[in-house]
Amino acid sequence: MVRGKLILIEGLDRTGKSTQCENVVNALGNDAVLIKFPDRTTKIGQLINQYLTDKDFELPAQSIHLLFSANRWELKEEIHSMLKAGKHVVLDRYVYSGVAYSAAKGIQGMDISWCFNPDKGLLKPDLTLFFSNSSNMRDREGFGEERYEKVEFQRQVRDTFFNVFDQIKDSNRIVIDVSDKSIDEVFSEIKPLIHDVINKELGECVY
Ligand code: ADP
Ligand code: 2DT
Ligand code: MG
């Protein structure tokens with residue numbers, strides 16, 4: 001059995017990640033499964049959902065950070081099993097969001113290295129597409145509904161993502177500039193990259 005590939009789409013809020021994850025999974029048909037982080041359906045995910053949607057539900061930055069990571073660990077074995085069974089797993093956010101959103105808060109001691117530690121040992125994607133946008137996404141549908149969707153914080157997260165990429169080396173990561181591109185244009189750009197990775201023979205990798 002040839003193992004499936006782990007494909008990640010990352011980026012700021014409302015850059016089109018979920019839209020393109022759905023496009024990719026639909027294009028791959030029965031061979032692919034979509035997993036979105038945070039997975040809000042688990043017990044830990046429900047707490048995370050409350051934190052994101054209820055501004056009166058406060059947690060220390062360290063605690064919520066560890067919950068996001070714990071949420072990935074909850075699904076590690078399930079993802080591994082699917083890959084071993086030959087399914088491609090498409091991830092909507094993962095470790096890089098985990099590190100960038102927390103480190104962007106600028107809290108003493110919570111630097112990139114601290115934030116990355118709890119994710120060490122998780123499966124490393126075979127391909128990461130980072131959706132980069134120069135224009136802000138505040139006019140896109142839904143922007144502003146959740147805790148982190150504020151223009152100034154998004155700018156900080158954007159800078160932090162690039163600092164994260166300097167520190168966490170990953171030769172399978174590609175930056176896609178999605179500014180001013182339609183949904184179809186972005187999909188045309190990523191389609192060949194997906195096609196290449198699923199046809200490659202690759203060893204398994206962990207962070
Ligand atoms: P994300 O998952 O990154 O937050 P979504 O895929 O949910 O973003 O997209 C946010 C909104 O923007 C949706 O209403 C979606 O239809 C729209 N959208 C997605 N990609 C584009 C695009 N390339 N151009 C214009 N609108 C887009
Ligand atoms: P969406 O469900 O709209 O993608 O928003 N986040 C996500 C973190 O702070 N840490 C993480 O580890 C992950 C996976 C980014 C989810 C929000 O949660 C943030 C936006
Ligand atoms: Mg989304």
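The values are calculated or read from the model by the stated rules, or taken from the named source; none is laboratory data. Keep in mind that what you see is a predicted model, and the values were worked out from it rather than measured. Ideal geometry is used to build each Cβ from the backbone, glycine not excepted, and the neighbour counts take in all protein chains shown. Keep in mind that these areas ignore ligands, DNA and RNA; they rest on the heavy atoms of the full protein, side chains included. Shrake-Rupley method; radii C 1.70, N 1.55, O 1.52, S 1.80 Å.
Structure summary
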read-out	value
Order by protection proxy (mean Cβ within 10 Å, highest first), peptides 198-205, 120-127	120-127, 198-205
Accessible surface of the chain, 1.4 Å probe, proportion on carbon and sulfur as whole %	50 percent
Positive-end extreme of charge dipole, the chain - chosen from Ser179, Val25, Gly86 (charges on Cβ)	Gly86
Tensor-based shape of the stretch 53-123 (alpha-carbon gyration tensor, a/c under 1.5 rounded, otherwise prolate or oblate)	prolate
Cα-centred dipole magnitude for the chain, charges only on beta-carbon of K, R (+1) and D, E (-1), debye, nearest 20	400 debye
Rounded to 5, the percent of DSSP beta bridges in the chain classed as antiparallel	5 percent
28 Å Cα-Cα threshold exceeded, pairs from Lys87/Lys169; Lys84/Lys105; Lys84/Lys150; Lys169/Lys200; Lys55/Lys87; Lys43/Lys181	Lys84/Lys105; Lys84/Lys150; Lys55/Lys87; Lys43/Lys181
Whole-number percent relative contact order across the chain, with pairs defined as alpha carbons under 8 Å at least 6 apart	33 percent
